[in-house]
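The values are calculated or read from the model by the stated rules, or taken from the named source; none is laboratory data. Note that this is a predicted model, so its numbers are computed, not measured. Cβ placement follows ideal geometry from the backbone for every residue including glycine, while neighbour counts extend to all protein chains displayed.
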């Protein structure tokens, strides 16, 4: 279990930083913070380790995060995707492997990717994610919505979907609104 948790922490840090060497170091530091009382606090320590990995990983990429956040502020909407996202029916029957998910996530710029990982995958509230990312809530919400669109696009393109196939942009607008209100 300890090795499994270690590999999950390394992967989480890698998705946040995009740097495997930093990810291993951060996860190793978190795993070294073992609880001497044994199993009693293990569940609590496990959650604490995840938060420690997140904080340390983000600390290691603070400058790229700040630069990326500036770009997100400047972008009103990414015109690359527009209505050219796969329809919800396209995803039926298309399973996504861990490697495909990793590639799709790492193709997203660091600030939106971290916002997405924290808000959606780690289920961290917007206010807390904003603190971790040193940004305001609106920027985190906007970056999360942008990253959701980019993730859908990257996964679909990675599975040989073409924008000339049936597209439907409306559901993603609804998704963006849902993300902004949380």
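Does segment 138-156 include one or more residues that are within 10 Å of the chain's Cα centre (by Cα) and under 17 Å from residue 9 (Cα atoms)? Quick ask: steps written out before the conclusion?
Within segment 138-156, the subset within 10 Å of the chain's Cα centre (by Cα) is 144, 147-148, 151.
Retained after the next criterion (residues that are under 17 Å from residue 9 (Cα atoms)): none.
Scanning segment 138-156, I find no residue that is within 10 Å of the chain's Cα centre (by Cα) and under 17 Å from residue 9 (Cα atoms), so the answer is no.
Go through 177, 160 for me and flag whichever is in the same structural domain as residue 125 (by TED's automatic domain parsing), surrounded by fewer than 22 Cβ atoms within 10 Å (Cβ to Cβ), modelled with pLDDT of 50 or more and out of contact with any strand residue (DSSP E or B) (no Cβ under 8 Å at 6 or more places or on another chain).
On the way: 177 fails: modelled with pLDDT of 50 or more.
160 is the lone residue from the list that is in the same structural domain as residue 125 (by TED's automatic domain parsing), surrounded by fewer than 22 Cβ atoms within 10 Å (Cβ to Cβ), modelled with pLDDT of 50 or more and out of contact with any strand residue (DSSP E or B) (no Cβ under 8 Å at 6 or more places or on another chain).
Would you check which residues across segment 99-138 are closer than 18 Å to residue 67 by Cα and surrounded by fewer than 18 Cβ atoms within 10 Å (Cβ to Cβ) and list them?
Those that are closer than 18 Å to residue 67 by Cα and surrounded by fewer than 18 Cβ atoms within 10 Å (Cβ to Cβ): 106, 107, 131, 134, 136, 137, 138.
Looking at segment 13-28, which of the residues that are surrounded by fewer than 21 Cβ atoms within 10 Å (Cβ to Cβ) and assigned to a helix (DSSP H, G or I) is modelled with the lowest pLDDT? Walk me through it before giving the result.
Going through segment 13-28, the residues surrounded by fewer than 21 Cβ atoms within 10 Å (Cβ to Cβ) turn out to be 15, 18-22, 24-25, 28.
Keeping just the survivors that are assigned to a helix (DSSP H, G or I) gives 15, 20-22, 24-25, 28.
Working: 15: 95, 20: 95, 21: 94, 22: 94, 24: 93, 25: 93, 28: 88.
Filtering segment 13-28 for residues that are surrounded by fewer than 21 Cβ atoms within 10 Å (Cβ to Cβ) and assigned to a helix (DSSP H, G or I), the one modelled with the lowest pLDDT comes out as 28.
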